[in-house]
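As structure tokens, the structure follows; a few thoughts come after it.
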Amino acid sequence: MKSLNRLRRTLLTTAVAAGAMALPFAASAQAPIVIKFSHVVAEQTPKGQGAMKFKELAEKKFPGRVQVQVFPSSQLFGDAKELEALLLGDVQFIAPSLSKFDRYTKKIQVYDLPFLFDNIEAVDRFQAGPQGQALLKSMTNRGLLGLGYWHNGMKQMSTNKDKLTRPEDVKGLKFRIQASDVLEAQFRELGASPQKMAFSEVYQALQTGVVDGQENTWSNIYSQKFHEVQKTIAETNHGVIDYMLVTNAKWWSGLPADIRKGLTEAMAEATAHANKLAADINQADRKKITDTGKAKIQTLSKDDVAAWRKTMEPVWKKFEGAIGRDLIDGALQSNK
Ligand code: LMR
């Protein structure tokens, strides 16, 4: 009798527990899919605008079923952490600059080679072609799936010195760089000393003299106020800052098929929107910097540009093996 009672009690407890467990599942069937989208730049930048557009479109497509939370300006994590957070499932979308993936695939280093792409149109052609598209899927074995590319623009070089026209002008200076081995090699070729640093720390590092200079797009320079703590910005256009919109491959494949399809469409539209804005935002921000009168914008002669190009050239040879000659040739082809 005693053991029968115990059995009844056990059955009852199990039933109650099962009921209790069933509740959250029933509730979660109604709950929206929450997508956290984290990034490190300001809202008015091309990436900031792209993320907002994606939120608007995704929520319009799936009212009550999908909720997108955008966290700009490193609010959640600095850029050193966001890739790890994505892999851990703490966020669902990020769009790091292409320079920040070199831990996951060496091939992507192609985007960082100095003076490889003539302009953002060439970058766009390369990204749209088979090699650029294949790179989106090149990190799936590491859990990262690229869904598209977003443009920012070409990089300019800035320092706290008055003269910045020739490569010799940066000799011995300390530069903040993104976490990229190619960029490290680039500054070493210039005789400067590169320091990898998260984006959110750059303003203070420039202000306090921890570093003397940095390289970035007009949009990032203006929105982070780097021009207020730098004397000269040389219009070098020596490289590109573009983004890969990435998601956690496992999370993505676990989504209901209709949601995945709808989000893909929303993403394509947000991409077109951000890419259309990018050039205008960069040109407008260049002008705003001029208008503040705070940092001098230095344009370069053909001869100056040739000197920068020649000094940085050995970087190509150094990384050719890891990147693959085919990718470099493909990128060069896109200049035509
Ligand atoms: C940087 O770290 O300088 C940029 O990659 C930031 C960004 O996301 O544009």
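The values are calculated or read from the model by the stated rules, or taken from the named source; none is laboratory data. Every value quoted in this text rests on a predicted model; they were computed, and no experiment measured them. Using ideal geometry, Cβ is built from the backbone for each residue, glycine included, and neighbour counts are taken over all protein chains shown. These area figures cover heavy atoms from the full protein model, side chains too; ligands, DNA and RNA do not enter into them. Shrake-Rupley method; radii C 1.70, N 1.55, O 1.52, S 1.80 Å.
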For this session: Restrict the check to the stretch 129-139 and report whether at least one residue is within 16 Å of the ligand (Cβ to nearest atom), open to solvent by 50 Å² or more (accessible area, probe 1.4 Å) and over 14 Å from residue 247 (Cβ atoms).
Result: no
Exercise. Since residue 7 meets every condition but one in (1) modelled with pLDDT under 95; (2) within 16 Å of the ligand (Cβ to nearest atom); (3) not in a loop (DSSP other than H, G, I, E, B), which condition does it not meet?
Worked result: (2)
Seminar exercise, completed: Result of the Cβ filter at 8 Å on the stretch 239-250, keeping first residues that are within 11 Å of residue 139 (Cα to Cα) and partners that are assigned to a strand (DSSP E or B) and within 11 Å of the ligand (Cβ to nearest atom), at least 6 apart or interchain, is 246/94
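Out of curiosity, is residue 43 within 17 Å of the chain's Cα centre (by Cα) and modelled with pLDDT under 95?
Values: within 17 Å of the chain's Cα centre (by Cα): yes; modelled with pLDDT under 95: no.
No, not satisfied.
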For this session: Take the residues in the stretch 102-114 that are in contact with a Leu (Cβ under 8 Å, 6 or more places away or on another chain) and among the hydrophobic types (A, V, I, L, M, F, W, C), then tell me which one is nearest to residue 67 (Cα to Cα).
Result: 108
Exercise. If you go through the stretch 171-186 one residue at a time, do you hit one that is in a strand (DSSP E or B), more than 30 Å from residue 251 (Cβ to Cβ), within 15 Å of the ligand (Cβ to nearest atom) and open to solvent by 20 Å² or more (accessible area, probe 1.4 Å)?
Worked result: no
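Hand me the list of helices (runs of 4 or more DSSP H) wholly inside the stretch 257-336 holding 1 or more residues that are within 22 Å of the chain's Cα centre (by Cα). First the steps, then the outcome.
Numbers: elements: 257-292, 302-312, 314-323, 325-333.
Once the helices (runs of 4 or more DSSP H) in the stretch 257-336 are filtered for at least 1 residues that are within 22 Å of the chain's Cα centre (by Cα), what remains is 257-292, 314-323, 325-333.
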Problem set entry | Exclusive hit being farther than 18 Å from residue 149 by Cβ and acidic (Asp, Glu), set 228, 269 | 228
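Conditions tested, residue by residue: (1) more than 15 Å from residue 139 (Cβ to Cβ); (2) open to solvent by 10 Å² or more (accessible area, probe 1.4 Å); (3) within 15 Å of the ligand (Cβ to nearest atom).
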site: 74; (1), (2), (3): yes, yes, yes
site: 79; (1), (2), (3): yes, yes, yes
site: 86; (1), (2), (3): no, no, yes
site: 92; (1), (2), (3): yes, yes, no
site: 95; (1), (2), (3): no, no, yes
site: 105; (1), (2), (3): no, yes, no
site: 108; (1), (2), (3): no, no, yes
site: 111; (1), (2), (3): no, no, yes
site: 116; (1), (2), (3): yes, no, no
Exercise. Residue 214 versus (1) open to solvent by less than 10 Å² (accessible area, probe 1.4 Å); (2) assigned to a helix (DSSP H, G or I); (3) closer than 23 Å to residue 116 by Cα: which is the lone unmet condition?
Worked result: (2)
For this session: Determine whether residue 153 is in a strand (DSSP E or B) and either within 14 Å of the ligand (Cβ to nearest atom) or open to solvent by 10 Å² or more (accessible area, probe 1.4 Å) (or both).
Result: yes
